[in-house]
Amino acid sequence: MPMAAGVRTGACSPNTEGDSSPTRTGGATTAAHARDPNMRLRNTSIDGSDGSQLFDDTSGATPASQMGYKNQQAGPESAAYPGQSLLSDPMSNLAMAYGSSLASQGKEMMDKNLDRFIPISKLKYYFAVDTVYVGKKLGLLVFPYMHQNWEVNYQQDTPVAPRFDVNAPDLYIPTMGFITYILVAGLALGTQNRFSPELLGVQASSAFVWLIMEVLAVLLSLYLVTVNTDLTTIDLLAFSGYKYVGMIVGVVSGLLFGKPAYYLSLLWCCAAIFIFMIRTLRLKLLSESAAEGRLVRGARNQLRMYLTMSIAAAQPIFMYWLTCHLIR
């Protein structure tokens with residue numbers, strides 16, 4: 001009975017029609033929610049006004065870390081690049097400019113001092129060769145007896161490149177001759193079961209030291225005799241390096257045909273290099289009249305002649321000294 005009274009009281013409450021419709025609507029909505037639990041989820045997802053929603057829609061949102069990174073990039077006073085403030089500092093720019101100028105000055109100074117002792121620009125002239133020149137030069141070193149003209153050609157007070165003149169000195173043949181001589185020496189030691197890296201290194205270093213000592217001795221002799229010549233240190237190095245061609249021929253002949261072939265071939269090459277040096281150096285060391293073949297009196301010209309013959313005679317001695325222990 002109390003329940004009936006309560007119902008009657010609610011039905012007889014002095015609410016108007018407009019006030020009673022929300023009650024009915026709310027009751028219907030509550031009942032609908034009870035029947036369909038998914039409706040509550042759909043309604044809260046649409047308006048977003050309910051604070052108890054179960055899921056957050058993050059499909060169109062930007063993570064906080066990325067948002068902060070973009071804001072730092074976009075901001076004019078951002079510190080995303082720590083070196084930016086350093087580069088914009090006038091003192092840093094001045095220090096960088098000063099360092100660049102100092103480096104360029106040091107490079108120029110090094111190039112000048114290096115060109116004073118090792119003329120890099122002149123080395124290009126001594127390596128300006130081709131296959132035809134190398135073939136003719138090798139033939140001239142082995143068979144110099146039939147060659148007539150030994151003068152170096154000039155063009156506007158400058159000697160022409162070696163590939164255009166077989167009489168011009170070069171460094172290609174001496175360099176390749178030295179390397180080939182070391183390889184042939186290693187081969188000769190290997191055939192005698194005496195090869196070792198240490199012994200090959202001793203062979204190479206001794207040959208190089210003897211070459212340097214020979215060039216220094218010639219320079220000292222030219223200074224003592226006071227010979228005015230256009231011979232340079234590189235020219236003397238080139239002329240002294242031509243003997244490796246005869247040394248290679250002698251050692252290879254000894255390896256192929258035995259010791260008699262070594263002596264015969266080395267004797268031929270020694271005579272050839274002696275004639276080559278005499279006919280080449282007399283145009284550089286002797287006076288013009290002596291170079292042309294006329295007899296010249298005078299102590300200075302005699303000293304120049306002796307110096308020329310001494311340089312030429314030293315080549316066969318070095319050739320035998322550096323190869324005699326390779327053939328047994």
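The values are calculated or read from the model by the stated rules, or taken from the named source; none is laboratory data. Source: prediction; values computed, not measured. Quick reminder, even Gly has a Cβ in these numbers, built from the backbone with ideal geometry, and neighbours come from all protein chains shown. Just so you know, the surface numbers come from the protein's heavy atoms only, side chains and all, with ligands and any DNA or RNA stripped out. Shrake-Rupley method; radii C 1.70, N 1.55, O 1.52, S 1.80 Å.
Here the gap between residue 208 and residue 194, fully extended at 0.36 nm per residue and compared with their Cα-Cα distance, gives a gain of 2.9 nm. Could you give the nm distance between label points at residue 320 and residue 153, where each point is 7 Å from its Cα heading toward the beta carbon? Inter-label distance under the simple model: 3.9 nm.
Annotation: residue 205 carries an accessible surface of approximately 60 Å², with a 1.4 Å probe and no ligand, DNA or RNA atoms counted.
Accessible surface for residue 284 stands near 40 Å², nearest 10, in the context of the full protein assembly shown (1.4 Å probe). In the context of the full set of protein chains, residues of region 171-324 present 51 Å² of accessible surface per residue (probe radius 1.4 Å, heavy atoms only). Ordered by 1.4 Å accessible area with all protein chains kept, 305, 146 run largest first as 146, 305. Taking all protein chains together and rolling a 1.4 Å probe, residue 226 ends up with roughly 70 Å² accessible. Taking 7 Å steps out from each Cα toward its Cβ at residue 224 and residue 275 produces label points 3.1 nm apart. Using only side-chain charges placed at the Cβ, +1 for Lys and Arg and -1 for Asp and Glu, the dipole size of region 171-324 relative to its Cα centre rounds to 380 debye.
Using C-alpha pairs under 8 Å with a sequence gap of at least 6, the mean separation divided by the residue count of region 171-324 gives a relative contact order of 26 percent.
Placing dummy labels 7 Å off each Cα toward the beta-carbon, the span from residue 301 to residue 97 is 6.7 nm. Ordered from largest to smallest accessible area (heavy atoms of protein chains, 1.4 Å probe), the residues 96, 176 come out as 96, 176. Take the Cβ atoms of residue 164 and residue 231, set R0 to 25 Å, and the FRET efficiency comes out at 0.75. A Förster radius of 30 Å combined with the Cβ-Cβ distance from residue 313 to residue 104 puts the calculated FRET efficiency at roughly 0.05. Using only alpha-carbon positions in region 161-306, the gyration tensor eigenvalues give semi-axes of 33, 17, 14 Å once each is multiplied by 5 and square-rooted (largest first).
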